[in-house]
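Working notes, beginning with the structure itself.
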Amino acid sequence: MNQNFKLKLKDIKVFVLDVDGVLTDGKLLVMPDGDFLRTMNIRDGYAMQLAIKKGYHIFIISGGHSKGVPIRLARLGIKEVHMGTVDKLSTLKNLISQYKLSHDQILYMGDDIPDIEAMKTCSIPCCPADAAHEVVEHCIYVSKVNGGQGCVRDIIEQTLRAQSNWE
């Protein structure tokens, strides 16, 4: 872990998250109609809704397609859900411009190669414990928790605690 990790947490105002492999364990249950089912961790959900209530932004940038994911995330109060994203860096740049953010305010949690370029532009690139090794090489924090098992709760809780915003 990078020595400045805990200090950098004090500046974070935005969490950028991938879906498959971060909010989920990366497994898909293929239904007979061709749709996919995913599971999400309820504690990740609690942490995300708490962060939003405390004034943080959460941006979802995913290459995956799902009807259910945006519905679940909207119920948590997340307004920026970008599914089917081919170029995550461009999407992130647009959000940074739209919300007038600086890179030092952004934490990005991804787990696979499509996340790397966007992650490299953020103050805190991080990943779940079971992320692809190419991603781990670019991270200043690797959660001890796997994707879909509470890694999002881990990073949000640490950030809110660092800023005295955890309950």
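The values are calculated or read from the model by the stated rules, or taken from the named source; none is laboratory data. Values in this document were obtained by computation on a predicted structure and should not be read as measured data. When we count neighbours, we look across all protein chains shown, and the Cβ atoms used for this are built from the backbone with ideal geometry, even at glycine.
Quick grid of which residues meet (1) closer than 15 Å to Phe15 by Cα; (2) within 14 Å of the chain's Cα centre (by Cα):
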{"residue": "Tyr56", "(1), (2)": "yes, yes"}
{"residue": "Gly68", "(1), (2)": "no, no"}
{"residue": "Ile78", "(1), (2)": "yes, yes"}
{"residue": "Gly110", "(1), (2)": "yes, yes"}
{"residue": "Cys122", "(1), (2)": "yes, yes"}
{"residue": "Asn146", "(1), (2)": "no, yes"}
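When the strands (runs of 3 or more DSSP E) confined to region 54-167 are screened for residues that are more than 21 Å from Asp25 (Cβ to Cβ), none reaches at least 3 such residues.
Run down Asp33, Asp25 and say which single residue is within 17 Å of the chain's Cα centre (by Cα) and not in a strand (DSSP E or B). Talk me through it step by step, then tell me what you get.
Numbers: Asp33 fails: within 17 Å of the chain's Cα centre (by Cα).
Only one candidate qualifies: Asp25.
Counting only residues that are out of contact with any Gly (no Cβ under 7 Å at 6 or more places or on another chain), buried (at least 16 other Cβ atoms within 10 Å of the Cβ) and assigned to a helix (DSSP H, G or I), region 6-22 holds 2 of them.
State which residue is surrounded by the fewest Cβ atoms within 10 Å (Cβ to Cβ) when the search covers only region 80-91 and only residues that are farther than 25 Å from Tyr46 by Cβ and of a type outside the set (Gly, Ala, Ser).
Let us first name the residues in region 80-91 that are farther than 25 Å from Tyr46 by Cβ, namely 84-91.
Retained after the next criterion (residues that are of a type outside the set (Gly, Ala, Ser)): 85-89, 91.
Values: Thr85: 18, Val86: 8, Asp87: 13, Lys88: 22, Leu89: 17, Thr91: 19.
Step by step, filter region 80-91, then rank; the result is Val86.
Taking residues in region 3-22 that are without any contact (Cβ under 8 Å) to a residue 12 or more places away in the chain, and partners anywhere that are hydrophobic (A, V, I, L, M, F, W, C), the pairs with Cβ atoms closer than 9 Å and at least 6 places apart or on different chains are Leu7/Ala162. Any residue at all in region 37-44 that is of a type in the set (A, V, I, L, M), in contact with a strand residue (DSSP E or B) (Cβ under 7 Å, 6 or more places away or on another chain) and on the phi < 0 side of the Ramachandran plot? Yes, region 37-44 contains a residue that is of a type in the set (A, V, I, L, M), in contact with a strand residue (DSSP E or B) (Cβ under 7 Å, 6 or more places away or on another chain) and on the phi < 0 side of the Ramachandran plot.
Residue count for region 38-53, restricted to those that are part of a loop (DSSP other than H, G, I, E, B) and in contact with a helix residue (DSSP H, G or I) (Cβ under 6 Å, 6 or more places away or on another chain): 1.
Give region 65-79 a look and list any residue that's of a type outside the set (A, V, I, L, M, F, W, C) and either out of contact with any helix residue (DSSP H, G or I) (no Cβ under 6 Å at 6 or more places or on another chain) or surrounded by fewer than 11 Cβ atoms within 10 Å (Cβ to Cβ) (or both), or say none. Quick ask: steps written out before the conclusion?
Just the residues of region 65-79 that are of a type outside the set (A, V, I, L, M, F, W, C), to begin with: 65-68, 70, 72, 75, 77, 79.
His65, Ser66, Lys67, Gly68, Pro70, Arg72, Arg75, Lys79, listed by residue number.
Entry remark, region 124-140: residues being surrounded by fewer than 20 Cβ atoms within 10 Å (Cβ to Cβ) and either of a type outside the set (Val, Ile, Thr) or closer than 20 Å to Leu73 by Cα (or both) number 7 in total. Against the test of being at pLDDT below 95 and touching a Phe, Trp or Tyr at 6+ places or on another chain (Cβ under 9 Å), the options Val69, Val30, Val14 yield a single qualifying residue, Val30.
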